[in-house]
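The values are calculated or read from the model by the stated rules, or taken from the named source; none is laboratory data. Quick caveat: nothing in here was measured; it's all calculated off a predicted structure. Cβ: placed from backbone, ideal geometry, glycine included. Neighbour counts: every protein chain shown.
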Amino acid sequence: MMALLSVSSLHKRFGGVEAVKDVSFDIDAGIVYSVIGPNGAGKTTLFNLITGVYTPTSGEIHLDGVPVGGKQPNELAALGVARTFQNLQICMNMDAIENVMVGAHLRLDRNPLTAALRLPALARRDRELRQEAEQLMRFVHLDAFITARADSMPYGALKRLEIARALALKPRLLFLDEPAAGLNPKETLEVDALVRKIADSGVTVVLVEHDMKMVMNLSDRILVMDYGSKLTEGTREEVRHHPGVIAAYLGVQA
């Protein structure tokens, strides 16, 4: 069966620095796939290449067998690819529910005449989107913030709000860049359960995360990067006991 996402011999150079070096892997549909590695290993650069923030220097990226390397983020979003970022990208001057609705913008009728005339169909669609956004906020356990402004919400809730906004796109492939960063243990457990819930709903999740307990609890497959290169890839048990992974994280010789 063809992989949902296939990355082959991917390279990215910034001047004389090679941030990603000859990285290849496949991701099957319906799994949680984690990318781990020490700081500076190239994890976020890899995410940025796949999601269209950066253009690869060389190499290929295929989604369902179709080449997508170098496509813009909006083009990838139209193909069902959504993501969150390390640093929150929330519109703090908007209501929480409006932030979620923004994630559905590609599914809106963008006919300027319809918008200018405020036809009943447009108003009906706005109501439907608001109802969808409410459902997504409940899905990520933000029921208490449905009527709140984003700038009144605690940090942990904002992390889940960003995930809800990404889900509003109705993605088939969701990239989460350090969703547990900055969270306390209780909030981390909530995100852990949410990621599994998303995967169980049929969305393929690709995760960058430093919390190894969370990674080992969730992941079906793990890619380990070090100095921009692929160190190893495998199941949780294979990665846990790989001598090169131990060396990369603990600074000891393999």
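When the residues of segment 222-241 are filtered to those that are farther than 14 Å from S34 by Cβ and touching a strand residue (DSSP E or B) at 6+ places or on another chain (Cβ under 7 Å), which remaining residue is surrounded by the fewest Cβ atoms within 10 Å (Cβ to Cβ)?
Per the stated criteria, the residue is S229.
What number goes with the only condition from (1) touching a Ser or Thr at 6+ places or on another chain (Cβ under 8 Å); (2) of a type outside the set (A, V, I, L, M, F, W, C); (3) modelled with pLDDT of 95 or more that Q135 does not pass?
Unmet condition: (1).
Scan segment 141-153 and report the pairs whose first residue is farther than 16 Å from V102 by Cβ and whose second residue is loosely packed, with under 13 Cβ neighbours inside 10 Å and hydroxyl-bearing (S, T, Y), with Cβ atoms within less than 8 Å and a gap of 6+ or a chain change.
none
What are the pairs, 6+ residues apart or on separate chains, where a residue within segment 1-12 that is assigned by TED's automatic domain parsing to the domain that holds L223 has its Cβ under 6 Å from a residue that is loosely packed, with under 14 Cβ neighbours inside 10 Å and of a type outside the set (S, T, N, Q)?
Listed by first residue and then by second, the contacts come to M2/G65.
Please list, ordered by residue number, the helices (runs of 4 or more DSSP H) wholly in segment 145-247 having 2 or more residues that are under 30 Å from D95 (Cβ atoms) and out of contact with any Gly (no Cβ under 7 Å at 6 or more places or on another chain). So that I can check it myself, show each step before the final result.
Numbers: elements: 155-167, 185-200, 212-218, 236-240.
Those helices (runs of 4 or more DSSP H) span 155-167, 185-200.
Take residues that are at pLDDT 95 or above and touching a His at 6+ places or on another chain (Cβ under 9 Å) and tell me which of the strands (runs of 3 or more DSSP E) falling wholly in segment 1-80 contain 3 or more. Even if it seems obvious, please write down each step before you answer.
Numbers: elements: 5-14, 17-27, 32-36, 58-63.
Passing ranges, in order: 5-14, 17-27.
In segment 81-99, what residues are part of a loop (DSSP other than H, G, I, E, B) and touching a residue at least 12 places away in the same chain (Cβ under 8 Å)?
Kept after step one, since they are part of a loop (DSSP other than H, G, I, E, B), are these residues of segment 81-99: 84-94.
Of everything in segment 81-99, those that are part of a loop (DSSP other than H, G, I, E, B) and touching a residue at least 12 places away in the same chain (Cβ under 8 Å) turn out to be T84, F85, Q86, L88, Q89, I90, C91, M92, N93, M94.
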